[in-house]
Amino acid sequence: MAGIKTLIGKGTMAQNHRPWPRAVVTAETWAGAIAGLAAGQWNLLGLWGEPACVHMALLDATDGEIAVLSLDGASGRYPSVGLHHPPALRPERTIRDLFGLEPDGLPDPRSWLDHGNWDLRHPLATKPSSVPIEKTYAFLPAEGPGLHQIPVGPVHAGIIEPGHFRFTANGETVVRLEQRFGYVHKGIEGLMTGATIAAASRLAARTSGDSTVAYGLAFARAAESALQIDVPPRAIYLRALMAELERLANHLGDFGAICNDAAFALMLAHCGVLREKVLRIANDVFGHRLMRDRIQPGGVTGDISSDDFTTLRALVADIAARFPALVDLYDNTASLQDRTVSTGIVTTELVRQYAAGGFIGRASGRAFDARKNLPYAPYDSLAFDVPLLDAGDVNARVWIRIREIEQSLALVTQLLDRMPEGSIRSNLPAAGKACEGMALVEGFRGDILVWLSLHPDGTVARCHLRDPSWLQWPLLEAAIEGNIVADFPLCNKSFNCSYSGHDL
Amino acid sequence: MRKLLFQSLVQMPLTEAAPSADDKALAELGASLARVTRRRLGRSLSIREVDAGSCNGCELEIQALGNAYYDLERFGLRFVASPRHADVLLVTGPVTKNMRMALERTYNATPDPKWVIAAGDCALDGGCFAGSYAVVGGVSAVVPVDLHIPGCPPPPLAILRGLLALLEKVSAG
Ligand code: SF4
């Protein structure tokens with residue numbers, strides 16, 4: 001089978017797009033790419049717009065090759081990808097909402113992020129219209145004897161983000177779940193357009209607060225690729241250290257919270273303590289509990305001392321000593337297993353089709369972790385495993401997290417052992433000419449894609465941030481089908497997708 | 001499990017001494033509390049958290065209030081699922097245009113006397129999201145705010161101090 005390079009070979013190569021190639025292609029090549037997506041040849045990493053152009057990022061899972069295809073959209077229309085490849089449905093509805101570009105043949109005419117409240121239409125188009133869209137929204141019909149609907153949200157019962165879930169149930173059993181999002185749409189990509197790199201970096205780090213390190217890193221790496229600068233080795237290690245601490249804190253929090261949603265509060269209490277320990281030490285060592293804004297294009301903002309090494313090693317030892325008892329407890333509590341085993345199953349076909357990453361993909365047999373499959377420094381020189389399971393249920397998503405906690409602890413130790421000496425920041429050169437950079441970074445939730453295009457004066461021409469949740473949320477609709485309504489919180493927590501990262 | 005439970009019994013508790021109520025917050029609250037019917041709530045407040053557009057960072061720190069170190073419930077403070085059961089709305093985020101109506105409705109569903117705390121830099125004035133076509137602004141642009149807790153996100157201790165300041169004022173009233 002021809003590879004991705006052949007696919008884009010006929011296109012016009014963008015001159016300053018790094019590290020992967022981007023080609024402006026014809027409608028024919030675009031159609032060929034769609035056919036490849038539908039046939040399962042490529043993974044769709046992202047699909048985003050510009051005022052007169054659409055881009056799709058493809059991954060060849062067999063060899064790790066990536067390319068961006070760009071299609072001219074000056075006519076205001078382009079051939080729909082979603083028509084043949086369902087994972088593109090929501091991105092295309094979004095491109096229409098934001099830019100007014102019409103995907104020809106898209107089966108779903110409804111808006112996605114735009115709820116008719118913005119006082120304008122197509123906010124990112126060259127000329128937005130002052131007439132907002134209608135506020136009415138038609139949920140998919142579900143009719144039949146014995147069916148009833150349960151609307152939930154946007155304001156939920158817990159301390160969580162807002163979104164709307166529309167359940168159609170037959171008695172206790174969920175027949176269909178339909179999600180509606182966009183409530184926390186802040187217009188981040190709009191705010192980024194024209195911003196300085198420093199301002200855009202702050203916005204990127206506020207796309208999804210739980211992944212602030214991963215977003216900071218993804219944005220920085222995209223900017224560094226665009227500007228062609230090298231980051232000092234010590235900064236690369238410090239970044240990875242923060243990334244692993246973030247993964248650790250989030251996985252610990254999730255492990256406790258999932259068990260809590262199965263009414264096993266003891267685990268939340270213990271995991272909450274471990275998570276708090278990580279955050280406090282992050283605060284001591286890096287000066288912020290979530291380590292926000294510590295990663296900047298060019299490097300990191302602060303160094304760590306020899307005392308910090310001791311503190312971090314003690315943290316790893318402490319968690320490594322306490323964690324196994326919690327894993328045993330999970331493994332040996334039948335009432336807990338009863339809730340998690342075989343609940344909310346996602347099939348391997350679906351995670352492959354959606355290119356879903358993170359623990360959701362890896363719990364359903366998709367062996368993808370950006371740290372391994374598209375290795376970036378320092379992970380290319382560190383030893384770690386990517387745990388993989390194929391049951392695809394809540395239990396499997398718990399176990400992937402457990403194993404990743406163990407891997408992250410080992411990674412922190414390796415990073416400390418091998419920490420290079422030297423500076424922690426390179427100066428950013430002036431852009432001088434228009435340039436583009438792209439990065440894929442493995443956050444705790446999955447791979448985050450950042451695509452950045454810079455003006456010659458170094459300000460942002462366009463930045464697209466694709467949260468892993470885009471590829472995961474739709475699978476929750478599938479996972480809950482046939483489960484009971486009462487298991488939804490458990491399934492949802494085992495997914496733990498980001499609303500803010502998705503809504504932007 | 002028995003071993004874990006036993007260890008918890010014999011270990012010293014992790015819960016830390018109560019922080020003092022935030023003085024600045026006490027001053028800020030003075031005016032707002034004089035306005036309302038002061039009523040003893042038995043040193044207890046029910047809080048409904050509303051994410052009006054946050055990045056979810058503020059939520060993480062609010063959730064942390066429940067862990068063993070802060071143990072929010074020992075102060076008589078607890079999170080409730082419905083605004084109809086709440087005395088306090090703890091609102092985070094810049095208010096997005098898509099969340100404005102939900103926030104208004106939640107406020108209207110909360111019985112009097114009620115207080116609104118805006119947590120986080122975004123909740124003050126929209127933070128770095130101010131000026132976007134999709135953002136209304138800070139929380140006070142939509143509902144009256146009694147107390148603001150700064151930070152991005154405010155650490156749990158800062159949120160706790162603010163809540164305790166409110167509790168002190170309410171129960172002294
Ligand atoms: S204040 Fe900071 S943490 Fe809170 S919602 Fe705003 S950006 Fe997120």
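The values are calculated or read from the model by the stated rules, or taken from the named source; none is laboratory data. Since the structure is predicted, the reported quantities are computational estimates derived from the model, not experimental observations. All Cβ positions, glycine included, derive from the backbone under ideal geometry; neighbour counts span all protein chains shown. Ligands, DNA and RNA are excluded from the accessible area calculation, which covers all protein heavy atoms including side chains. Shrake-Rupley method; radii C 1.70, N 1.55, O 1.52, S 1.80 Å.
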Please pick out the residue among A:ARG339, A:ARG352 that is of a type in the set (Lys, Arg), within 24 Å of the chain's Cα centre (by Cα) and over 30 Å from A:LEU428 (Cα atoms). A:ARG352
Residue that is away from the ligand (no atom under 15 Å from the Cβ), on the phi > 0 side of the Ramachandran plot and open to solvent by less than 10 Å² (accessible area, probe 1.4 Å), where the choices are A:GLY187, A:GLY182, A:GLY171: A:GLY182
Is it the case, given these coordinates, that B:ASP121 is within 14 Å of the ligand (Cβ to nearest atom) and open to solvent by 50 Å² or more (accessible area, probe 1.4 Å)? yes
Does A:LEU238 satisfy the condition of being part of a helix (DSSP H, G or I), crowded, with 24+ Cβ neighbours inside 10 Å and more than 14 Å from chain B (Cβ to nearest Cβ)? yes
Residues satisfying the stated conditions in region B:67-96, i.e. at the interface with chain A (Cβ under 7 Å from one of its Cβ atoms), away from the ligand (no atom under 16 Å from the Cβ) and in contact with a strand residue (DSSP E or B) (Cβ under 9 Å, 6 or more places away or on another chain): B:PHE79, B:ALA81
If you go through region A:280-308, how many residues are within 16 Å of the ligand (Cβ to nearest atom), farther than 20 Å from A:ARG221 by Cβ and open to solvent by 50 Å² or more (accessible area, probe 1.4 Å)? 1
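Residue by residue, here is whether (1) closer than 24 Å to A:ARG206 by Cα; (2) in the same structural domain as A:VAL327 (by TED's automatic domain parsing); (3) open to solvent by less than 20 Å² (accessible area, probe 1.4 Å); (4) of a type outside the set (D, E, K, R) holds:
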site	(1), (2), (3), (4)
A:LEU411	no, yes, yes, yes
A:ASP417	no, yes, no, no
A:GLY422	no, yes, no, yes
A:LYS433	no, yes, no, no
A:LEU454	yes, yes, yes, yes
When the residues of region B:108-118 are narrowed to those that are away from chain A (no Cβ under 11 Å) and of a type outside the set (S, T, N, Q), which ends up surrounded by the most Cβ atoms within 10 Å (Cβ to Cβ)? B:ALA118
If we only count helices (runs of 4 or more DSSP H) wholly inside region B:100-173, which ones have 2 or more residues that are without any contact (Cβ under 8 Å) to a residue 40 or more places away in the chain? B:100-109, B:121-125
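Could you list all residues from region B:56-81 that are more than 30 Å from A:THR207 (Cβ to Cβ) and in a loop (DSSP other than H, G, I, E, B)? Steps first, answer last, please.
Step one: list which residues in region B:56-81 are more than 30 Å from A:THR207 (Cβ to Cβ), which gives B:68, B:71, B:73-78.
The answer is B:ALA68, B:ASP71, B:GLY76.
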Residues in region B:97-107 that are more than 7 Å from every other protein chain (Cβ to nearest Cβ) and buried (at least 24 other Cβ atoms within 10 Å of the Cβ) total 1
Looking only at residues that are at the interface with another protein chain (Cβ under 9 Å from one of its Cβ atoms) and open to solvent by less than 50 Å² (accessible area, probe 1.4 Å) in region B:137-172, which one is farthest from the ligand (Cβ to nearest atom)? B:PRO156
Please indicate, with yes or no, whether at least one residue in region A:349-369 is among the small types (Gly, Ala, Ser), open to solvent by less than 10 Å² (accessible area, probe 1.4 Å) and on the phi > 0 side of the Ramachandran plot. yes
